[in-house]
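Engineer: Sharing a structure, written as structure tokens. Questions coming.
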């Protein structure tokens, strides 16, 4: 072990010595033998990356790939047979999915790429790529709008219509307006203002102005015959020349960065300016020299997560943790060599590679090879009904296997905590209710096992938590207790019904959950406590409806808006989609639609939900993008309210809500709330890191059950008052796999209970 760590240490310490250094003197044309080798090496790396990531759904990844493929094509790089055809097919598939989801699919650089290949940008696999430019207001980022201008120029005749000529003038005016008197172009979006709040208002060059200035000059290059444009470009060149460092490179937020160097290289090529132009040569070093300071031509095979080859930027530090006896990543500024813990100079750095970004700049200064002998095949349009075909039998089997694995791994509970909180109990209640639904109920033995665990958790809460707060409210707990045949009014002296009798301190999102708990209790139980269950329902319903806006939408900020005297139609709070909240509200109120005012409220909320459903059948989250949790919440609502899957209110473009939910299943991963990825394409290794993560077990159980019901045509009321889970869920335990799943879950939950009890006893000792 020690010998192995020594090898790792040696490799990592070597990295610390590989800081950007002053490049060697360059020949007249600006290129060196190292540049040629770097081009060949990075060409292979970016080809591999595009191949691995071409199916990723993130728009940022598609943009990265489009620009890399453009660079490969225009530089005449040698690519594997069929590479371009595979890329074009992946792009066509992505566009198909975007249309299915009702999104305007603009990929910066895609038009340039398709046009460079000699293909028709107005009819690419059944898609008119120019459509995205017909809705320019949807593209807000300054850099993306510069890309729109460049794509317009690349589109040829398709970009010269009156419609697009008007757009071109708009984009040109915008670009010129961003230039400052000192020559740099500054962002008009809000994020620089946020940076100013962090104390860098007096340091304008710490902003990403180098990049935007270079991109702006590149986009303006075709219009140099205009006097205003020519003057703007001259001022930009003077500014960039002044900002260039002695190494030949440029700064980003106060530190050198290879992305800036690559952007300036692109600009020089677009303007026809030589690499060795005296304006961009400092101390004998060109922009290319500066960029090559970020190139590494070797890799370590024996160090975990060690760098390989290509262009890089600094990201996080490597450090050694003596307790763990291993290396780890951290944002800490100082991490030490275990042999010399006080020597801060021995700190090492992990590198994040950005080959795709750098490669586009590098290709602009390489001799262009002949590409006319390369042919590509345009994908045929994909029939919409076959666009997202899924093998449901395989899908369901895989998901059930994932459930078993998740539970057997012990990932359901935080066993390191010695205290059970109300949220812990609420989470456990969700697990119990999910199991009940999936199983169509519990056997007496199962009830006894789960009841014991529930009691243990509540006793821990009583001892460690409720001793001070005297509070027993945990949303869903009453329903779980009733499902297990337990008395929610007396759990070792804890009364879980009492908190439901008053509405004080209950915010809107909890009102619906509490109403569901109220409904789970027999009216006779409430009557015995001197409470009219019907009047209690009215109190909850009235309190919930106070948050319903005139357009039928429930919004937890609505009351705040009214108190502030704001217009609910223009308020920023109430303009955000809140699908989950509305679906949950309808599910809670649905059993009481015999009351006219509640029926009217439910009707309004359903109308709102129908209006925001997307073209692929899914629903948006608060950011307006397709969201798996929101879509699943609507299916929960439809089940609770007895709404058919084929109800015309919830079918868009022939797609049901179940069709929409399918889009959030990632093969080999599970269901996610968002298909957008978190990491940059160059950081992705085998599978992208999704922003939302995988849905939890109860949600996944529900999702699989609904999809199974949809496939078998059993979603919706059966005329006997049975829900989806009552119709389909019982089939889960009729199979050996389902029985094993339930057994594993129960074992895991019981183990949790014993661990909790042991820790409580241990603490008492």
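The values are calculated or read from the model by the stated rules, or taken from the named source; none is laboratory data. This one's a predicted model, so the numbers in the text were calculated from it and none came from an experiment. Cβ sites come from the backbone with ideal geometry, for glycine too, and all protein chains shown count toward neighbours.
Engineer: What are the residues in segment 650-677 that are farther than 11 Å from residue 617 by Cα and either outside any loop (DSSP other than H, G, I, E, B) or assigned by TED's automatic domain parsing to the domain that holds residue 700 (or both), if any?
Structural biologist: Answer for segment 650-677, where residues must be farther than 11 Å from residue 617 by Cα and either outside any loop (DSSP other than H, G, I, E, B) or assigned by TED's automatic domain parsing to the domain that holds residue 700 (or both): 665, 666, 670, 671, 672, 677.
Engineer: Looking at (1) outside the structural domain of residue 586 (by TED's automatic domain parsing); (2) at pLDDT 85 or above, which one does residue 711 not meet, given that it meets all the others?
Structural biologist: (2)
Engineer: If you don't mind, another one. Could you count how many residues in segment 39-81 are touching a strand residue (DSSP E or B) at 6+ places or on another chain (Cβ under 9 Å), buried (at least 20 other Cβ atoms within 10 Å of the Cβ) and modelled with pLDDT of 90 or more?
Structural biologist: Selection size over segment 39-81: 2.
Engineer: Output the number of the condition that residue 211 fails; it satisfies all remaining conditions of (1) at pLDDT below 95; (2) more than 24 Å from residue 154 (Cα to Cα); (3) in contact with a strand residue (DSSP E or B) (Cβ under 8 Å, 6 or more places away or on another chain).
Structural biologist: (2)
Engineer: Condition test on residue 288, is it over 21 Å from residue 179 (Cα atoms), assigned to a helix (DSSP H, G or I) and within 39 Å of the chain's Cα centre (by Cα)?
Structural biologist: Working: over 21 Å from residue 179 (Cα atoms): yes; assigned to a helix (DSSP H, G or I): yes; within 39 Å of the chain's Cα centre (by Cα): yes.
Yes.
Engineer: Just to be sure I understand, how many residues within segment 271-312 are modelled with pLDDT of 80 or more and either touching a strand residue (DSSP E or B) at 6+ places or on another chain (Cβ under 6 Å) or surrounded by fewer than 19 Cβ atoms within 10 Å (Cβ to Cβ) (or both)? Break it down stepwise before answering.
Structural biologist: Narrowing segment 271-312 to residues modelled with pLDDT of 80 or more: 271-296, 310-312.
Narrowing further to those that are either touching a strand residue (DSSP E or B) at 6+ places or on another chain (Cβ under 6 Å) or surrounded by fewer than 19 Cβ atoms within 10 Å (Cβ to Cβ) (or both): 271-279, 282-284, 294-296, 310-312.
So the count comes out to 18.
Engineer: If you check residue 572 against the conditions, is it modelled with pLDDT of 90 or more and surrounded by fewer than 18 Cβ atoms within 10 Å (Cβ to Cβ)?
Structural biologist: no
Engineer: Spot the failing condition for residue 551; the list is (1) outside any loop (DSSP other than H, G, I, E, B); (2) farther than 21 Å from residue 500 by Cβ; (3) in contact with a helix residue (DSSP H, G or I) (Cβ under 7 Å, 6 or more places away or on another chain), and only one is missed.
Structural biologist: (1)
Engineer: Right, something else. May I ask you to list the residues in segment 646-657 that are crowded, with 17+ Cβ neighbours inside 10 Å and over 15 Å from residue 583 (Cα atoms)?
Structural biologist: Matches in segment 646-657: 651, 652, 655, 656.
Engineer: Then there is this: From the list 695, 684, pick out the single residue that is surrounded by fewer than 22 Cβ atoms within 10 Å (Cβ to Cβ), modelled with pLDDT under 75 and farther than 20 Å from residue 611 by Cβ. Full working, then the answer.
Structural biologist: Numbers: 695 fails: modelled with pLDDT under 75.
Only one candidate qualifies: 684.
Engineer: Now a separate question. Can you name the residue in segment 475-508 that is closer than 26 Å to residue 446 by Cβ and free of Cβ contacts under 8 Å to residues at least 24 places away in the same chain and, of all such residues, is surrounded by the most Cβ atoms within 10 Å (Cβ to Cβ)?
Structural biologist: That would be 495.
Engineer: Only one of 503, 473, 481, 511 is touching a strand residue (DSSP E or B) at 6+ places or on another chain (Cβ under 8 Å) and either modelled with pLDDT of 85 or more or part of a loop (DSSP other than H, G, I, E, B) (or both); which?
Structural biologist: 481
Engineer: Sticking with this one: Kindly check whether there is at least one residue in segment 619-637 that is more than 20 Å from residue 714 (Cβ to Cβ), modelled with pLDDT under 80 and surrounded by fewer than 21 Cβ atoms within 10 Å (Cβ to Cβ).
Structural biologist: There is at least one residue in segment 619-637 that is more than 20 Å from residue 714 (Cβ to Cβ), modelled with pLDDT under 80 and surrounded by fewer than 21 Cβ atoms within 10 Å (Cβ to Cβ).
Engineer: Being touching a strand residue (DSSP E or B) at 6+ places or on another chain (Cβ under 6 Å), in a helix (DSSP H, G or I) and surrounded by 22 or more Cβ atoms within 10 Å (Cβ to Cβ) narrows it down to one residue among 95, 88; which is it?
Structural biologist: Values: 88 fails: touching a strand residue (DSSP E or B) at 6+ places or on another chain (Cβ under 6 Å).
That would be 95, the only listed residue that is touching a strand residue (DSSP E or B) at 6+ places or on another chain (Cβ under 6 Å), in a helix (DSSP H, G or I) and surrounded by 22 or more Cβ atoms within 10 Å (Cβ to Cβ).
Engineer: In segment 590-626, which residues are closer than 15 Å to residue 661 by Cα and in contact (Cβ under 8 Å) with a residue 60 or more places away in the chain?
Structural biologist: 614, 615, 616, 618, 626
Engineer: Just name the residue that is farthest from the chain's Cα centre (by Cα) out of those in segment 123-158 that are more than 27 Å from residue 625 (Cβ to Cβ) and in contact (Cβ under 8 Å) with a residue 40 or more places away in the chain.
Structural biologist: 156
Engineer: I'd like to check something: does segment 595-603 contain any residue that is in a strand (DSSP E or B) and in contact with a helix residue (DSSP H, G or I) (Cβ under 9 Å, 6 or more places away or on another chain)? Steps first, please.
Structural biologist: Of all residues in segment 595-603, those in a strand (DSSP E or B) come to none.
The answer is no; no qualifying residue exists.
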